Amino acid sequence: MPRLAVYALLVCALTVAAAVVSFARGSWLGVVWVLLAGISSNMAWFYVRRAKAERDAEREATGATS
């Protein structure tokens, strides 16, 4: 898994924890944390898909079959 995807997943987990704490304390700031969690999870998904596409393109360029 690409390093940026790992970092994005870490940020996602931290923002989810921050949202839970924020909502537990009765603060509406948790909404912002939920939105940040959504963005970071989309970034992680993007980086994983991009790495897979690059790996597949490299295999096709070298003529390797799976």
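Summary table
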quantity: Phi-based couplings in Hz for region 18-30 (Karplus 6.51, -1.76, 1.60; Gly and Pro marked x); calculated: 5, 5, 4, 5, 5, 5, 5, 7, x, 9, 7, 5, x
quantity: Sulfur and carbon atoms: percent of accessible area, the chain [1.4 Å]; calculated: 67 percent
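The values are calculated or read from the model by the stated rules, or taken from the named source; none is laboratory data. Just so you know, these numbers come straight off a predicted model, no measurement behind them. Remember, those area values only see protein heavy atoms, side chains included, never the ligands or the DNA or RNA. Shrake-Rupley method; radii C 1.70, N 1.55, O 1.52, S 1.80 Å.
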